Amino acid sequence: MKKDLTTGNVTKTMLLFAGPMILGNLLQQCYNIVDMLIVGRALGAGALAAVGSAYSLMTFLTSVLIGMCMGSGSLFSYSIGKRDTARLQYEMTASFSFIGIVTIVMNIVVFVCMKPILNILQIPEDIYGMMQEYVWYIFWGIFFVFLYNYFSFLLRAAGDSVVSLVFLGISSGLNIVLDLVLTGALGLGIGGVAAATAIALFLSWICSIFYIRRRCTELALPVLPCGFDAGTLRQIVRIGLPLGLNSALYSIGHVFLQVLYNLQGSVFVAGCSVAGKVGGLANITVTSLSQATSVFAGQNLGAQSYSRLRRGGWLLPAASGLLSLAGGLLMAACCRPLLLLFTQDEAVLAFAVRYIRVVLPFQWCYAAFNAIMSFANGMGKIRYSTIVNIILLWGVRIPASYLLAWLGYGGYAMAGVSLSFVVGLLAMLFYYKSHAWADICARAEAQEAA
């Protein structure tokens, strides 16, 4: 079901579009929780720490691909809002070819440099072997991460968030079943968890291909890319590559933080890993509304609906912040019963509870500024958000976390995350003083006067 975000009441339209995305992210978080339950219960605290340590490396590499897919989605939504099908086909061909090549090159680099990378991460000796095995399996499926996310952003750019929810449900359900089969029945251990993720993403991608070719033929790619256009590729690189590098730069920072966490020991890493999964439940509206905001901005810019852009530009970040505040406070108050599902190790629980209660009450700041970033990115204005990302991560979060550790408070290193959320919101509020926002407001006033 494709949704036109250029007409109708802004709030109602966005809720109808974002609703399935919220449900999808809730489903994703539920899968993540079940996945960690299986790992924690079947394989122990060491496996939890190994998956947690691997997560920062995975996020760094996959964020490059997802960032480029997201940037391509911004172009897609602009062309769809403008009703320019020919332009859309060129953009799809160019972006698919370019991101596919980047994915293959990245995969080769990971396998060649795996041991040096793991050594840089300062992995605790007691989980080194498990992490190496997990990373080896998970990166065999990195191409499926690209395929799954590319077609998900394509469908969302067309306003179809319901089908993405269905495919996510298929992927999550298969992942859980495969986790149980590969780790339990076949005894593949932590490698089985990684293999289950890759297989589930592959099958979900196959489903999306069948759907697009039967129901959304205007979104279908040819079997062999044709009609390649150099000008379109330059535009993909101009928007998609900076977003991918922006995500990569952000993720590199998380690798540095993971090194700091690893130096605190495997118990601390396991606690933060569990807390991250449970805390992700409070992060659902952030991800969903940010993705919806980017599509909203692209479609309305393409349709030249400046009054809607001006209204959505402040309404959507406010809604995201308020919803995240409610979720974060609720999760901080009720986190311990959920954490007990993963582990009964009191030392791990103590760190997990601390992480949630230090970070989640400030997550509303992240929700609000991330929605503003997504709005700017959806309009192709990525420079300001890139600068803010650099400041909040490299100028605030990492230095604050390492400073706490240097002062002897390494167990509270996650406080740097909370501080960066606050700084990020303050910095992104200056977007409303930018020339880009002033231009939207001026065009909206002229449009309303006409």
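The values are calculated or read from the model by the stated rules, or taken from the named source; none is laboratory data. Since we're looking at a predicted model, the values are computed, not measured. Methodologically, a virtual Cβ is constructed for each residue, glycine included, from the backbone with ideal geometry; neighbour enumeration extends over all protein chains shown. These accessible areas exclude ligands, DNA and RNA; they are computed on the full protein's heavy atoms, side chains included. Shrake-Rupley method; radii C 1.70, N 1.55, O 1.52, S 1.80 Å.
See the values below:
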| quantity | calculated |
| --- | --- |
| Mean Cβ neighbour count within 10 Å, used as a protection proxy, ranking 260-272, 198-210 highest first | 260-272, 198-210 |
| Whole-Å semi-axes of the stretch 304-393's equivalent ellipsoid (Cα gyration tensor) | 35, 15, 9 |
| Point-to-point label distance, residue 109-residue 403, nm (Cα→Cβ direction, 7 Å offset) | 3.2 |
| Karplus (6.51, -1.76, 1.60) ³J(HN,Hα), θ = phi - 60°, over the stretch 294-310, in Hz, Gly and Pro reported as x | 5, 5, 4, 5, x, 5, 6, 5, x, 7, 6, 9, 6, 5, 5, 4, 5 |
| Carbon/sulfur fraction of accessible area - the stretch 265-350, other protein chains in place, 1.4 Å, % | 70 |
| Accessible heavy-atom area order of 7, 197, highest first, probe of 1.4 Å | 7, 197 |
| Ranked by how many other beta carbons lie within 10 Å on average, peptides 432-438, 388-394, 85-91 from highest | 388-394, 85-91, 432-438 |
| Peptides ranked, highest mean first, by Cβ atoms within 10 Å: ranges 144-150, 400-406 | 144-150, 400-406 |
| Whole-Å distance, taken between Cα centres, linking the stretch 258-335 and the stretch 396-450 | 13 |
